[in-house]
Amino acid sequence: MQPSEKLLLYNKAWVQDKLELDDNYFATLAADQNPDFLWIGCSDSRVPANEITGTDPGEMFVHRNIANLVVPGDLNVLSVVQYAVEVLQVKHVIVCGHYECGGVKAAMAGKKLGLIDEWLVNIKQAQEKHQAELDQIADDHARFDRFVELNVQEQIYHLAETDSVRKMWASSQIPSLHGWVFNLRTGLLNEVINLEPPVLAMENERADDAINQ
Ligand code: CO
């Protein structure tokens, strides 16, 4: 059997399993989506968003690219963010990096890999910003791990600067932004950064509105 045929066979078995538990499973799934989470993760095959978080179909809107980047000006990721944040109104946006990330490693090493180098330029900017901290880490692997974390942190800052997040934060208390790193060696998620909507800024704005009215 071809490996791809195995996937199709598995799919049929999965459909049967779902229908045995709930006759209406797919009718419900088809009707609408109302996910609480947007996941922006790496394309790496070892970091399956739903599986490691125990989320079912319908619970998580997902975007994956090499090295989990939120690049200002990237129409693809910005469209996903806009739809998830403004239309679906997800409550949480998660940027999830992972240790042993090939994209981050390639950017750090300055290896030439072809077209992908153009994409990895975006990681190099984070590297330059944190070069002083990284230079102080003598152990190569520890430095690599730390850079994976700093890269996630930078992407959270990029997210906070997007029009979609700023617009939502000006009028509501969603979304929260979470930067996580998946540890392939243990299977655990490591929290690196959390950004909540700025309560004070919103209250001040409301106060200004009240004065202006
Ligand atoms: Co990766």
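The values are calculated or read from the model by the stated rules, or taken from the named source; none is laboratory data. Model, not experiment: these values are computed from the prediction. Reconstructed Cβ throughout: ideal geometry from the backbone, glycine too, with neighbour counts over all protein chains shown.
Just a few scattered comments:
- The C-beta contact set for region 126-154 (first residue free of Cβ contacts under 8 Å to residues at least 60 places away in the same chain and in the same structural domain as H178 (by TED's automatic domain parsing), second residue part of a helix (DSSP H, G or I) and among the charged types (D, E, K, R), distance under 6 angstrom, 6+ apart or interchain) comprises A126/E154; L134/R143; I137/R143; I137/R146.
- Taken over region 22-43, the residue count meeting the criterion of being of a type outside the set (A, V, I, L, M) and under 30 Å from G103 (Cα atoms) is 7.
- Among the residues of region 175-200, the ones that are touching a strand residue (DSSP E or B) at 6+ places or on another chain (Cβ under 8 Å) and touching a residue at least 24 places away in the same chain (Cβ under 8 Å) come to 16 in all.
- Every condition in (1) at pLDDT 95 or above; (2) loosely packed, with under 11 Cβ neighbours inside 10 Å holds for N212 except the one numbered (1).
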